[in-house]
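Here is the structure we will look at.
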């Protein structure tokens, strides 16, 4: 009887894990991992559960809590932002909350909705920027605004894309801005060289939007890495930030105290988000639209009083896509079409292959031992997530895509330039 009870408990645990929410960029703690077993390797349009036509463009990813999918859309002509809530069961749009804006410059590979929301049982928190504003808005499950914070002007040569996370009863976001004197070559002709933007990391009360703590940071290049959380001894939590001016930084979630920092870990542009790989933190840095270095850092703990660089590698490094760590392996997709697998302990390359015709901005996700890699033209490349290279499928979505997919309720949700598509789940 005891053995039967254990088996039922394990099945319930597996089922719960497979159906877990995907509440932020790249899912639980930004890992990009799902154990669901109901997503197919190969499909056609006939296998779609549903498609939803979106009221605007966007590169930001969908997030899922329960049966609600949230995402941000932007109007390419007016720059108005629209927070969209979709029923995960049938793809029907439950509500759209619109916010006025005004057209402004963004890089050709950016748009007005490149940020990914963060959601919980109470609703969703979204962010977007203009040169004059950095807005955070909380909306409840019925589409009603709860609070709004304007963090002030935002200076970035590529436009905005910072994404929030929700940690317990706090909303945390990084606001790394540029120093224009370092970015003159990337600014539109005639742009005046002004004072540096005001960079900082900030935690807001989830219920009210009031400031809990604020940590000043160094302005060099605007950064778009979404932070992640380390669980520390004694139940404490640490939020990990990446940025050009500050490198890697660990900050106490409750107090905003800086626990440690390694400024020379990431000295160029940072877009890839931090990934935890055992006791290591993985990050990348680069120039223009390619990474030039991936670094693994062991933060302070126990006898290790200072952070230390464990390894650095430089072949086919992603700048924008975030890596996936599972089973001691790191899987990378690169803007130039290369995909690679390296040892998470040593950085040794196990394989490195180029996917013909593909270029990647979306981050790969790991689903039941497979990598789902969405390229810019909207093809989903499915690979075996192992120490040997094997391409299993190429599935066209028939529309361009820069967004990282979400996985929840046994299904995967792909955002393209115009649609949200649901595939998989129980029949």
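Can you pull out the strands (runs of 3 or more DSSP E) entirely within the range 135-253 that have at least 1 residues that are within 19 Å of the chain's Cα centre (by Cα)? Write out each step before concluding.
Numbers: elements: 145-150, 165-167, 170-175, 200-205, 211-216, 228-231, 237-243, 247-252.
Answer list for the range 135-253: 165-167, 170-175, 200-205, 228-231, 237-243, 247-252.
Okay, residues lined up against (1) more than 19 Å from residue 345 (Cβ to Cβ); (2) part of a loop (DSSP other than H, G, I, E, B):
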residue	(1), (2)
267	yes, yes
276	no, no
284	no, no
293	no, no
297	no, no
309	no, no
312	no, no
315	no, yes
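Out of (1) in a strand (DSSP E or B); (2) within 23 Å of the chain's Cα centre (by Cα); (3) surrounded by fewer than 18 Cβ atoms within 10 Å (Cβ to Cβ), the odd one out for residue 70 is which?
(3)
Collect the residues in the range 319-350 that are crowded, with 19+ Cβ neighbours inside 10 Å and either touching a helix residue (DSSP H, G or I) at 6+ places or on another chain (Cβ under 7 Å) or under 18 Å from residue 269 (Cα atoms) (or both), keeping them in residue-number order.
319, 320, 321, 322, 323, 332, 333, 334, 335, listed by residue number.
Could you say whether any residue in the range 122-145 is over 22 Å from residue 26 (Cα atoms) and touching a residue at least 60 places away in the same chain (Cβ under 8 Å)? Show your work before the answer.
The initial filter retains those residues of the range 122-145 that are over 22 Å from residue 26 (Cα atoms), namely 130-134, 142-145.
Filter once more, keeping what is touching a residue at least 60 places away in the same chain (Cβ under 8 Å): 143.
Yes, there is a match, as at least one residue in the range 122-145 is over 22 Å from residue 26 (Cα atoms) and touching a residue at least 60 places away in the same chain (Cβ under 8 Å).
Can you pull out every residue in the range 19-63 that is free of Cβ contacts under 8 Å to residues at least 40 places away in the same chain and under 20 Å from the mean Cα position of the chain (by Cα)?
Correct list: 28 only.
What number of residues within the range 1-34 satisfy the criterion of being closer than 24 Å to residue 330 by Cβ, at pLDDT below 95 and part of a loop (DSSP other than H, G, I, E, B)?
Matching residues across the range 1-34 total 1.
Tell me yes or no: at least one residue of the range 105-118 is under 28 Å from residue 191 (Cβ atoms) and free of Cβ contacts under 8 Å to residues at least 40 places away in the same chain. First the steps, then the outcome.
Going through the range 105-118, the residues under 28 Å from residue 191 (Cβ atoms) turn out to be 105-116.
Now restrict to residues that are free of Cβ contacts under 8 Å to residues at least 40 places away in the same chain: 108.
Looking through the range 105-118, at least one residue is under 28 Å from residue 191 (Cβ atoms) and free of Cβ contacts under 8 Å to residues at least 40 places away in the same chain.
Can you name every residue in the range 385-396 that is in a loop (DSSP other than H, G, I, E, B) and in contact with a strand residue (DSSP E or B) (Cβ under 6 Å, 6 or more places away or on another chain)?
Once the filter is applied, which keeps residues that are in a loop (DSSP other than H, G, I, E, B) and in contact with a strand residue (DSSP E or B) (Cβ under 6 Å, 6 or more places away or on another chain), the range 385-396 yields 385, 387, 389, 390.
Could you check residue 178 against (1) in contact with a strand residue (DSSP E or B) (Cβ under 6 Å, 6 or more places away or on another chain); (2) at pLDDT below 95; (3) buried (at least 23 other Cβ atoms within 10 Å of the Cβ) and say which number it fails?
Status for residue 178: all satisfied but (1).
Restricting attention to the range 201-209, does a residue exist that is surrounded by fewer than 22 Cβ atoms within 10 Å (Cβ to Cβ) and more than 21 Å from residue 63 (Cβ to Cβ)?
Yes, because at least one residue in the range 201-209 is surrounded by fewer than 22 Cβ atoms within 10 Å (Cβ to Cβ) and more than 21 Å from residue 63 (Cβ to Cβ).
Consider residue 296 carefully, then state whether it is touching a residue at least 60 places away in the same chain (Cβ under 8 Å) and surrounded by 14 or more Cβ atoms within 10 Å (Cβ to Cβ).
On the way: touching a residue at least 60 places away in the same chain (Cβ under 8 Å): no; surrounded by 14 or more Cβ atoms within 10 Å (Cβ to Cβ): yes.
For residue 296, the condition - touching a residue at least 60 places away in the same chain (Cβ under 8 Å) and surrounded by 14 or more Cβ atoms within 10 Å (Cβ to Cβ) - is not met.
The values are calculated or read from the model by the stated rules, or taken from the named source; none is laboratory data. Owing to the predicted nature of the structure, the values given are computational and were not obtained by experimental measurement. As a convention, Cβ positions derive from the backbone with ideal geometry for all residues, glycine included, and neighbour counts pool all protein chains shown.
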